[in-house]
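A short worksheet on the structure shown next.
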Amino acid sequence: MRKTQIIRFYFQDENGYNPYAEEDTITSPKLVAQRYANVTDVGTNRLVELFSRLDQNAKVIRLESPVNDSWSYLTIDDGSIRYRLETQRQPLKGTTLIVGEDNG
């Protein structure tokens, strides 16, 4: 299985409010990891099991090793779509993530 897509994992502190700043600012996302991965769409049956609908944009991401750092969302190949973790599995080899498109 070829791992050709670049996955970037970001951490964004949702409670990153700085009370001493002159303006209300939220901290910018921080890149915590970058990995090559194999990315495929989630099958129809699994999509209904996870999200109870078919209109969810979900992906299966297969990595060589887990991301040990805390992360909030990921992007695929520098795309503008943010994906949030739904399910993580640790099979015998590698790590598998099922992610859904972030609508927030």
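Just so it is clear, none of the values below were taken in a lab; they were calculated from the coordinates. Keep in mind that this is a model prediction, so the values were computed, not measured. Cβ placement follows ideal geometry from the backbone for every residue including glycine, while neighbour counts extend to all protein chains displayed.
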(message) Which residue is nearest to residue 29 (Cα to Cα), if the candidates are limited to the range 94-104 and must be touching a residue at least 12 places away in the same chain (Cβ under 8 Å) and of a type outside the set (Val, Ile, Thr)?
(response) 102
(message) Looking at the range 1-12, I want the residues that are assigned to a strand (DSSP E or B) and have a partner that is exposed (fewer than 15 other Cβ atoms within 10 Å of the Cβ) and among the charged types (D, E, K, R) with Cβ atoms under 6 Å, at least 6 apart or on another chain. Which pairs are those?
(response) 5/77; 6/77; 11/30
(request) Could you please give the count of residues in the range 51-86 that are free of Cβ contacts under 8 Å to residues at least 40 places away in the same chain, under 24 Å from residue 30 (Cβ atoms) and either in contact with a helix residue (DSSP H, G or I) (Cβ under 7 Å, 6 or more places away or on another chain) or not in a loop (DSSP other than H, G, I, E, B) (or both)? (result) 4
